[in-house]
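For reference, the structure discussed in these notes is given below.
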Amino acid sequence: MLKGMGRGEFVKVVIEQIDRGADEQVTIRCYKVTDRVNSIVHFISSSGTTLAGYQDEQITQVPLSDIFYVETVDSRVFAYTRGKVYELKCKLYEFEELYRRERFFRCSKSMVINLMQISSVYPIFNGRFSAKLFNGEEIIISRQYVPALKEYLSGSVI
């Protein structure tokens with residue numbers, strides 16, 4: 001069981017393995033369709049989304065859910081996955097605008113982080129936070145973005 005939907009309620013998660021030929025589906029049973037439920041539906045629906053990433057003059061379709069963070073370096077934009085780096089042909093602010101609903105969050109002037117790849121967040125000095133990612137990397141959340149991060153993590157921004 002997962003603590004989840006607010007007011008101390010618990011969400012029961014059931015996973016049923018099916019035969020390979022059967023259609024996969026997700027069923028959500030809830031008392032009321034809330035913003036949080038809609039957010040879960042949107043996340044599940046977009047989990048197959050990919051974008052074009054460039055690596056050694058090859059174009060690869062990179063699953064959005066595999067990206068840990070996107071960073072701008074010397075006016076070029078790079079997406080970081082587990083063990084691979086892809087160049088993106090867009091500006092960082094364009095990426096942020098396009099994928100905000102997919103849980104990508106601006107954490108500094110030069111970086112957008114995938115909120116679904118954060119394992120923990122904790123305060124560090126000077127009002128900044130550190131986010132530990134599932135790949136073991138730590139990302140600094142700039143002081144000016146900390147209030148918005150707190151809103152996202154508290155569930156008030158969906």
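The values are calculated or read from the model by the stated rules, or taken from the named source; none is laboratory data. Nothing here was measured: the structure is a model prediction, and the numbers come from that model. Neighbour counts are summed over all protein chains in view; Cβ atoms, including those assigned to glycine, are modelled from backbone coordinates with ideal geometry. Side chains are part of the model used for accessible areas, which takes the heavy atoms of the whole protein and leaves out ligands, DNA and RNA. Shrake-Rupley method; radii C 1.70, N 1.55, O 1.52, S 1.80 Å.
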Q.
Can you say whether residue 96 is surrounded by 12 or more Cβ atoms within 10 Å (Cβ to Cβ) and not in a strand (DSSP E or B), as far as the supplied structure shows?
A. yes
Q. For residue 75, are the conditions met, namely being small (Gly, Ala, Ser) and farther than 28 Å from residue 58 by Cα?
A. no
Q | Qualifying positions in the stretch 56-80 - in contact with a helix residue (DSSP H, G or I) (Cβ under 7 Å, 6 or more places away or on another chain) and modelled with pLDDT of 95 or more | A | 68, 70, 72, 77
**Q.** the stretch 104-128, residues that are out of contact with any Lys or Arg (no Cβ under 6 Å at 6 or more places or on another chain) and either surrounded by fewer than 19 Cβ atoms within 10 Å (Cβ to Cβ) or among the acidic types (Asp, Glu) (or both)
**A.** 108, 109, 110, 121, 122, 123, 124, 125, 126
**Q.** Count of residues meeting criterion [touching a Phe, Trp or Tyr at 6+ places or on another chain (Cβ under 6 Å) and either open to solvent by 20 Å² or more (accessible area, probe 1.4 Å) or without any contact (Cβ under 8 Å) to a residue 60 or more places away in the chain (or both)] in the stretch 55-68
**A.** 2
Q: Would you check which residues across the stretch 107-131 are assigned to a helix (DSSP H, G or I) and either in contact (Cβ under 8 Å) with a residue 60 or more places away in the chain or not aromatic (Phe, Trp, Tyr) (or both) and list them?
A: 115, 116, 117, 126, 127
Q) Out of all the residues in the stretch 140-157, is one or more among the small types (Gly, Ala, Ser), open to solvent by 70 Å² or more (accessible area, probe 1.4 Å), within 24 Å of residue 35 (Cα to Cα) and part of a loop (DSSP other than H, G, I, E, B)? A) yes
Q: Pull up the stretch 114-134, narrow it to residues that are under 30 Å from residue 41 (Cβ atoms) and either out of contact with any helix residue (DSSP H, G or I) (no Cβ under 9 Å at 6 or more places or on another chain) or of a type in the set (Ser, Thr, Tyr) (or both), then point me to the one that is modelled with the highest pLDDT.
A: 132
